[in-house]
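> Dropping a structure here in structure tokens format, bear with me for questions.
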Amino acid sequence: MSKTTYPIVWDLDVFFKGGSESSELRRHLNETKERVGTYAKSLETFETPTSASDADLVADKLEETSSLIQHISQAGAFISCLEAQDMSDQKAGALRSEITEMNALYGSAFNVLKQKLAKTEDRVWNELLEHEQLKDLQFVLNEWRTQAQEQLSEEEEALISALEVDGYHAWGQMYNTIVGEMTVNVNGEVLSVGQANNLLSHEDPAIRQEAYEKLEEAWKEKENLFARTLNHLAGFRLNTYKKRGWDHVLKEPLEINRMKHETLDAMWGAISKNKDTFVEYLNRKAQLLGKEKLEWYDLGAPTQKEKKKLSYDDGAEFILKHFEKFSPKMASFAKRAFEEAWIEAEDRPGKRPGGFCTSFPLSQQSRIFMTYSGSMSNVATLAHELGHAFHSYALKDVHPLNRRYAMNVAETASTFAEMIVADASVKEATTDEQKIALLEDKLQRSVAFFMNIHSRFLFETRFYEERKNGFVSASRLNELTDQAQREAYRDAVNSTSPSYWSNKLHFHITGVPFYNFPYTFGYLFSLSIYAKALEEGKNYEDKYIALLRDTAVMTVEDLAMKHLGEDITKESFWEKGIELCKHDVKEYLNLTK
Ligand SMILES: [Zn+2]
């Protein structure tokens with residue numbers, strides 16, 4: 001019997017003692033709220049710089065901004081941890097509303113700062129950027145300036161923000177409310193849609209099929225409501241773009257992710273050209289399930305039972321051992337996270353499902369949330385989240401305004417860490433069954449990124465095009481979805497999920513537009529870093545850390561050129577990552593002959 005040496009419950013008291021009742025947190029929130037108020041007030045009279053001698057004033061404002069961001073994030077991270085560790089903690093829910101409101105106040109004040117800075121004359125602006133305290137922030141400051149210049153006037157943007165609350169975000173909330181009230185009856189049990197969704201990967205095909213059919217029925221019943229939420233949300237977005245003179249729906253998402261349209265086209269182009277191998281995998285999977293072709297509800301079905309179990313301690317040691325091979329710094333960082341109770345891994349009721357990593361900027365620490373039940377995929381998830389934590393750690397000495405990386409590179413460090421562990425476990429598997437199960441785990445991810453996410457992207461792009469001409473009916477939305485899925489899966493599935501446009505939350509998220517392609521980008525981008533690391537071994541460590549430190553201060557094209565020497569606007573770059581995934585398919589096909 002091995003004894004647990006690493007704590008399995010996290011320590012949150014180092015940040016604020018006393019959980020959701022914490023008086024330390026109360027004090028922190030009150031103080032931060034007051035500071036946000038002062039900040040907003042001070043920006044009313046803040047003047048656009050007129051000469052280089054205003055540099056100190058600007059620098060002071062930026063220090064105040066970055067300090068506020070850190071204080072808000074510190075509290076936000078703590079509250080996320082409270083909500084996740086105990087879903088019944090109502091006090092945490094109230095704290096969440098408080099921090100959301102504070103963040104909105106900060107956000108509109110910050111927008112005023114951006115707008116005022118953007119009005120600086122070019123000559124003065126360039127002089128300002130040479131100032132000692134502002135030099136390091138050039139990329140971010142220029143980015144703010146461009147963003148603000150492409151927006152409407154300060155007053156008009158303020159009006160849009162005010163109208164967004166009830167005219168835009170409200171549609172997303174409406175969606176959540178309707179979904180929250182939906183129930184599905186599967187196998188004699190009344191389930192939430194989330195619970196029913198989980199049954200789509202059940203080993204019993206009859207249960208999977210029933211869950212799929214009942215879910216499709218349930219979404220169909222409400223399709224006219226969801227057609228409204230989606231159309232109006234999209235309509236608001238398109239109208240805002242139109243007023244700002246933005247002609248392309250991908251403009252905003254591409255800018256958020258600091259990438260060029262060419263790069264996106266090259267990525268999808270390379271994926272589209274290389275789908276045959278993944279179709280072969282899906283066909284083999286169908287065979288193993290005793291079918292000619294897969295149904296939609298078979299995509300997540302397990303074909304192999306993974307028997308290998310690891311205790312938490314053994315899982316931790318496995319991660320440390322394999323991190324060490326690539327980067328001793330990553331290994332010693334992870335060891336610290338294990339030892340100092342940065343991780344909440346206990347398998348107990350009342351916890352939220354899923355996993356995440358959040359950072360506490362004022363303490364330069366992170367916390368990882370997950371539920372560990374001993375499977376190899378739990379070990380991979382743990383490595384994934386440690387990768388996120390390592391990314392924050394690599395950025396700890398970087399200016400806080402230079403740490404704000406976008407979603408497409410956010411998954412770089414995590415996927416890299418996960419890949420190390422997933423690959424090692426395939427290599428160390430002692431039986432073919434284990435190996436097949438582990439490979440399948442990896443392949444499911446490739447299918448998700450190359451086919452599922454691709455279908456979402458195809459659907460969303462086409463939907464927005466049609467929405468420009470007016471309301472898109474539920475039946476047309478079903479049609480568009482069916483087409484996109486058949487195309488993205490290359491007809492490897494017999495049935496599709498026409499309701500997908502309504503059941504995927506991501507289409508209804510108002511915070512971020514096009515919540516899909518950055519996932520695929522992150523996956524393939526980190527695969528090519530992994531390929532480089534395999535080539536160079538431990539020598540790669542410092543180069544890898546240098547790349548992470550640059551993730552929020554340049555475009556992704558520049559990042560790849562500087563640190564990988566690669567032109568990511570070319571399909572050939574993306575094909576290298578896809579090649580690694582194709583290799584997994586070949587191994588899988590061999591083992592399941
Ligand atoms: Zn992640």
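The values are calculated or read from the model by the stated rules, or taken from the named source; none is laboratory data. Source: prediction; values computed, not measured. Heads up, the Cβs are rebuilt from the backbone with ideal geometry, glycines too, and the neighbour counts pull from every protein chain shown.
> Could you please let me know if ALA413 is buried (at least 20 other Cβ atoms within 10 Å of the Cβ), at pLDDT 90 or above and assigned to a helix (DSSP H, G or I)?
On the way: buried (at least 20 other Cβ atoms within 10 Å of the Cβ): yes; at pLDDT 90 or above: yes; assigned to a helix (DSSP H, G or I): yes.
Yes.
> Of a type outside the set (A, V, I, L, M) and modelled with pLDDT of 95 or more: does that describe GLY245? Outline the logic, then answer.
Numbers: of a type outside the set (A, V, I, L, M): yes; modelled with pLDDT of 95 or more: yes.
Taking the combined requirement at face value, the residue satisfies it.
> Give the residue, chosen from HIS391, HIS384, that is closer than 24 Å to LEU559 by Cα and free of Cβ contacts under 8 Å to residues at least 60 places away in the same chain.
Numbers: HIS391 fails: free of Cβ contacts under 8 Å to residues at least 60 places away in the same chain.
Just a single option satisfies the conditions, and that option is HIS384.
> Kindly indicate the residue of segment 382-395 that is of a type in the set (Gly, Ala, Ser) and surrounded by fewer than 24 Cβ atoms within 10 Å (Cβ to Cβ) and also farthest from the ligand (Cβ to nearest atom) among those meeting that condition. Walk me through it before giving the result.
Here is the first cut: in segment 382-395, the ones of a type in the set (Gly, Ala, Ser) are 383, 387, 389, 392, 394.
Among the residues that remain, those that are also surrounded by fewer than 24 Cβ atoms within 10 Å (Cβ to Cβ) are: 392, 394.
Details: SER392: 12, ALA394: 15 Å.
Filtering segment 382-395 for residues that are of a type in the set (Gly, Ala, Ser) and surrounded by fewer than 24 Cβ atoms within 10 Å (Cβ to Cβ), the one farthest from the ligand (Cβ to nearest atom) comes out as ALA394.
> Working carefully through the options GLU557, GLU541, GLU579, find the one that is among the acidic types (Asp, Glu), part of a helix (DSSP H, G or I) and under 20 Å from LYS275 (Cβ atoms).
Working: GLU557 fails: under 20 Å from LYS275 (Cβ atoms); GLU541 fails: under 20 Å from LYS275 (Cβ atoms).
The conditions single out GLU579.
> I've got another one for you. For a quick check of your reading of the model, give me the residue pairs whose first member lies in segment 156-167 and is within 14 Å of VAL112 (Cβ to Cβ), whose second is hydrophobic (A, V, I, L, M, F, W, C) and outside any helix (DSSP H, G or I), with beta-carbon atoms closer than 8 Å and at least 6 apart or on different chains.
What qualifies is ILE160/LEU152.
> Select from segment 3-47 the residues that are outside any helix (DSSP H, G or I), touching a Lys or Arg at 6+ places or on another chain (Cβ under 6 Å) and over 23 Å from ARG145 (Cα atoms) and list them in ascending order. Outline the logic, then answer.
Within segment 3-47, the subset outside any helix (DSSP H, G or I) is 3-18, 22, 45-47.
Going one step further and asking which of them are touching a Lys or Arg at 6+ places or on another chain (Cβ under 6 Å), we end up with 10, 46.
Listed by number, the list holds a single entry, TRP10.
> Only one of ASN478, ASN494, ASN469 is touching a Leu at 6+ places or on another chain (Cβ under 8 Å), more than 30 Å from SER67 (Cα to Cα) and not aromatic (Phe, Trp, Tyr); which? Steps first, answer last, please.
Numbers: ASN478 fails: touching a Leu at 6+ places or on another chain (Cβ under 8 Å); ASN469 fails: touching a Leu at 6+ places or on another chain (Cβ under 8 Å).
Sole residue among the options that is touching a Leu at 6+ places or on another chain (Cβ under 8 Å), more than 30 Å from SER67 (Cα to Cα) and not aromatic (Phe, Trp, Tyr): ASN494.
> Return a yes/no flag: does segment 519-531 have any residue that is surrounded by fewer than 18 Cβ atoms within 10 Å (Cβ to Cβ) and in a helix (DSSP H, G or I).
Yes, there is a match, as at least one residue in segment 519-531 is surrounded by fewer than 18 Cβ atoms within 10 Å (Cβ to Cβ) and in a helix (DSSP H, G or I).
> Say we look at segment 396-411 and pick out the residues that are touching a residue at least 40 places away in the same chain (Cβ under 8 Å) and not aliphatic (A, V, I, L, M); which of these is farthest from the ligand (Cβ to nearest atom)?
Filtering segment 396-411 down to residues touching a residue at least 40 places away in the same chain (Cβ under 8 Å) leaves 398-411.
Those left that are additionally not aliphatic (A, V, I, L, M): 399-400, 402-405, 408, 411.
Details: HIS399: 24, PRO400: 21, ASN402: 21, ARG403: 16, ARG404: 16, TYR405: 12, ASN408: 12, GLU411: 5 Å.
Only one residue fits best here, namely HIS399.
> A follow-up question, please. For residues that are modelled with pLDDT of 95 or more, among the hydroxyl-bearing types (Ser, Thr, Tyr) and within 16 Å of the ligand (Cβ to nearest atom), scanning just segment 340-376, find the one that is nearest to ALA92 (Cα to Cα).
Checked segment 340-376; the qualifying residue nearest to ALA92 (Cα to Cα) is THR358.
> What do you reckon, is THR303 within 16 Å of the ligand (Cβ to nearest atom), surrounded by 16 or more Cβ atoms within 10 Å (Cβ to Cβ) and not aliphatic (A, V, I, L, M)?
No; evaluated as a whole, the condition is false for this residue.
> Same structure again: Taking the condition of being farther than 18 Å from PHE323 by Cα, more than 16 Å from the ligand (Cβ to nearest atom) and β-branched (Val, Ile, Thr), how many residues in segment 412-466 meet it?
The number of residues fulfilling the criteria is 5.
> Go through the residues of segment 449-469 one by one and say whether even a single one is free of Cβ contacts under 8 Å to residues at least 60 places away in the same chain, outside any loop (DSSP other than H, G, I, E, B) and closer than 24 Å to GLY315 by Cβ.
no
> A follow-up question, please. Scan segment 48-72 residue by residue and report those that are of a type in the set (Ser, Thr, Tyr), within 28 Å of GLU101 (Cα to Cα) and in a helix (DSSP H, G or I). Talk me through it step by step, then tell me what you get.
We begin by selecting, within segment 48-72, every residue of a type in the set (Ser, Thr, Tyr); these are 48, 50-51, 53, 65-67.
Checking the rest, the ones that are also within 28 Å of GLU101 (Cα to Cα) come to 48, 65-67.
Across segment 48-72, the qualifying residues are THR65, SER66, SER67.
> Scanning segment 179-197 for residues that are outside any strand (DSSP E or B) and surrounded by 14 or more Cβ atoms within 10 Å (Cβ to Cβ), which turns out modelled with the lowest pLDDT?
Filtering segment 179-197 for residues that are outside any strand (DSSP E or B) and surrounded by 14 or more Cβ atoms within 10 Å (Cβ to Cβ), the one modelled with the lowest pLDDT comes out as GLN195.
> Could you tell me which numbered condition VAL379 fails, if it satisfies all but one of (1) more than 12 Å from the ligand (Cβ to nearest atom); (2) closer than 20 Å to TYR405 by Cβ; (3) surrounded by 19 or more Cβ atoms within 10 Å (Cβ to Cβ)?
The number of the failed condition is (2).
> Okay, moving on. Being touching a residue at least 60 places away in the same chain (Cβ under 8 Å), buried (at least 18 other Cβ atoms within 10 Å of the Cβ) and in a helix (DSSP H, G or I) is true for just one of ALA109, ALA75. Which residue is that?
Numbers: ALA75 fails: touching a residue at least 60 places away in the same chain (Cβ under 8 Å).
Sole residue among the options that is touching a residue at least 60 places away in the same chain (Cβ under 8 Å), buried (at least 18 other Cβ atoms within 10 Å of the Cβ) and in a helix (DSSP H, G or I): ALA109.
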